[in-house]
Amino acid sequence: MTRKDYLLNQKQKGRHLFGVFPAQYPKELLWAMDIVPAEIWDPPLEITAANAHLQPYICSVVKLGLELVLEGKCDMLDGFLFPHTCDSIQNIASVIRDCLSENKPCYFFYHPKNPHGKAARDYYVLELKNLTLSLEKQLGPLNPDALKQRIQQGHKISGLFGEFYDLRAKGKLDVGNREFYEQLRRGEYLFPDDLIPELEGFLARNKGKEKKGLTPVILSGVLPNPPEILTLLDDLGVSVAHDDLLIGSRRLLVPPSNLKDPFKQLAESYFSMPPCSTKGAPIVERREYLLHLIKATGAKGVIFNVVKFCEPEWFDVPNLTDELKKRGTSTLVLDTELNQGLSGQMKTRVEAFVEMIS
């Protein structure tokens, strides 16, 4: 079943469909209100109409999201949610809400950019409650028991993703790089009732079949696009042993919380996530996280696959590569446009990097 068919099927079941822009947001809260969040990252479109509304130096994540709206492919949605991931996403929120007359509710979620201390946690809980109040005006009151159930499902999903990553790091998950991320990314739109059994089935089919002789690397950036890079790494005998991706470990590997208050549970999960450029994490924390992944997996190098014009990432990458090189880790930096395929130059650079670290 395609993504579109799945979402239409969910709507026929009486659920609400929300388009959610990247990246970190309280999806358990949306699930509890019978909302299916359909995340908008890199739809397979050609950017045409969006160029008339945005500057040429805006990243293609934002441009593709706007293109999706302008082409009418979001007409089936019941609303949008815009997390405060970066200035560009905040700006597109204004374009969609104020300038395009979409006539769909637009909600905003402002997570703290300095995720340290009690004040930041109190602020996050307040944002959760404000978002709940806003959603209740459209969808009716939140059922506290439903929220607790969805949080438990969120813990279950995080645990399953953690098993994905752990088995892959040990070479005991018999799938290639591309198949791994295709499965991982189905969590961007599947409702938890469907996602949990699918992840369990995937693990049952593929774990325990050890893969040997592969060169391990760490993949860092926003998302694994163009996907042809993953196919090339498969062909070259390279395993992405772990990642520092916004779409991956930075938001999926969350330890469970034992707090009783569901809003405080969601807050603790947010503050337990690995360091991320979109949260204003210090460079030293990101460096230590990468060094930990390298040591834990025996990775031979780090590939920074960064979306062109992604300001949060590009502020960090030069310092991170310098720090890693000082510690003897080889790095490759790729400046990519989404859905643009694999150029000959990029292919040659990846092949040369793999030959060097192998």
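The values are calculated or read from the model by the stated rules, or taken from the named source; none is laboratory data. The structure displayed is predicted, hence computed values, not measured ones. Note that each Cβ is placed from the backbone with ideal geometry, even for glycine, and that neighbours are counted across all protein chains shown.
Before moving on, here are some points about what is shown:
- Filter result (within 11 Å of Lys264 (Cα to Cα), touching a residue at least 60 places away in the same chain (Cβ under 8 Å) and not hydrophobic (A, V, I, L, M, F, W, C)) within segment 112-131: Arg121, Tyr124, Lys129
- For Thr348, the conditions (1) out of contact with any strand residue (DSSP E or B) (no Cβ under 9 Å at 6 or more places or on another chain); (2) among the hydroxyl-bearing types (Ser, Thr, Tyr); (3) closer than 24 Å to Glu67 by Cα all hold with the exception of (3).
- Residue list for segment 64-80, restricted to those being among the aliphatic types (A, V, I, L, M) and either more than 17 Å from Asn9 (Cβ to Cβ) or surrounded by fewer than 21 Cβ atoms within 10 Å (Cβ to Cβ) (or both): Leu64, Leu66, Leu68, Val69, Leu70, Met76
- Summed over segment 228-252, the residues that are surrounded by fewer than 19 Cβ atoms within 10 Å (Cβ to Cβ) and either part of a loop (DSSP other than H, G, I, E, B) or in contact with a Ser or Thr (Cβ under 7 Å, 6 or more places away or on another chain) (or both) give a count of 2.
- Flag if Gly187 is loosely packed, with under 15 Cβ neighbours inside 10 Å, farther than 30 Å from Ser358 by Cβ and modelled with pLDDT of 95 or more: no
- Of the residues making up segment 6-29, those that are without any contact (Cβ under 8 Å) to a residue 60 or more places away in the chain and part of a helix (DSSP H, G or I) number 2.
- Any hit, segment 321-336, residues being under 30 Å from Asn143 (Cα atoms), assigned to a loop (DSSP other than H, G, I, E, B) and in contact with a Leu (Cβ under 8 Å, 6 or more places away or on another chain): no
- The residues on offer are Leu230, Leu203, Leu252, Leu160, and the sole one that is in contact (Cβ under 8 Å) with a residue 40 or more places away in the chain, over 21 Å from Glu39 (Cβ atoms) and of a type in the set (A, V, I, L, M) is Leu203.
- So Ser94, is it surrounded by fewer than 19 Cβ atoms within 10 Å (Cβ to Cβ) and out of contact with any Pro (no Cβ under 7 Å at 6 or more places or on another chain): yes
- Selection count, segment 75-89, where residues are among the aromatic types (Phe, Trp, Tyr) and out of contact with any Asp or Glu (no Cβ under 9 Å at 6 or more places or on another chain): 1
- Selection from segment 39-63 of residues that are acidic (Asp, Glu), surrounded by fewer than 21 Cβ atoms within 10 Å (Cβ to Cβ) and in a loop (DSSP other than H, G, I, E, B): Glu46
- Subset tally (residues that are farther than 23 Å from Gly237 by Cα and of a type in the set (D, E, K, R)) for segment 157-210: 6
- Looking across segment 1-34 at every residue that is acidic (Asp, Glu) and out of contact with any Leu (no Cβ under 7 Å at 6 or more places or on another chain), the one that is surrounded by the fewest Cβ atoms within 10 Å (Cβ to Cβ) is identified as Asp5.
- Top-ranked residue in segment 204-227 [being surrounded by 15 or more Cβ atoms within 10 Å (Cβ to Cβ) and among the aliphatic types (A, V, I, L, M); ranked as modelled with the lowest pLDDT]: Leu214
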